[in-house]
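Notes follow the structure.
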């Protein structure tokens, strides 16, 4: 093959590789915001929560009754605002983990404040 063609192919391969690397870096930077890649995980988590430190309970730790009541009230408001949403989407809008909503959902069912349609991951929540 002509050396000129080989040089053109090699340059194209190099340009394409560089463009893909830049795009990947921009995507990661967009997801992480202005967090530096080498930054410690705790600092990264803090920056992703708008400066507020992430509150985590110890394994087996319990929430206070006030915090649980507040979360239950917020959950009911979120369900009323977006009826027919899945628990994953509700948790995402509330910025909490899905597993943190298990007990508040049980409390709302016991109070007959919500109903569901569907099964397992296809469950949709509605306020009564």
Look at residue 66 and say whether it is assigned to a helix (DSSP H, G or I) and without any contact (Cβ under 8 Å) to a residue 12 or more places away in the chain.
yes
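Part of a helix (DSSP H, G or I), modelled with pLDDT of 90 or more and surrounded by 10 or more Cβ atoms within 10 Å (Cβ to Cβ): which single residue out of 27, 14, 89, 47 fits that description?
It is 89.
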Being outside any strand (DSSP E or B) and over 16 Å from the mean Cα position of the chain (by Cα) is true for just one of 116, 73. Which residue is that?
73
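The values are calculated or read from the model by the stated rules, or taken from the named source; none is laboratory data. Since the structure is predicted, the reported quantities are computational estimates derived from the model, not experimental observations. Because the Cβ atoms are built from the backbone with ideal geometry, glycine has one as well, and the counts that use them run over all protein chains shown.
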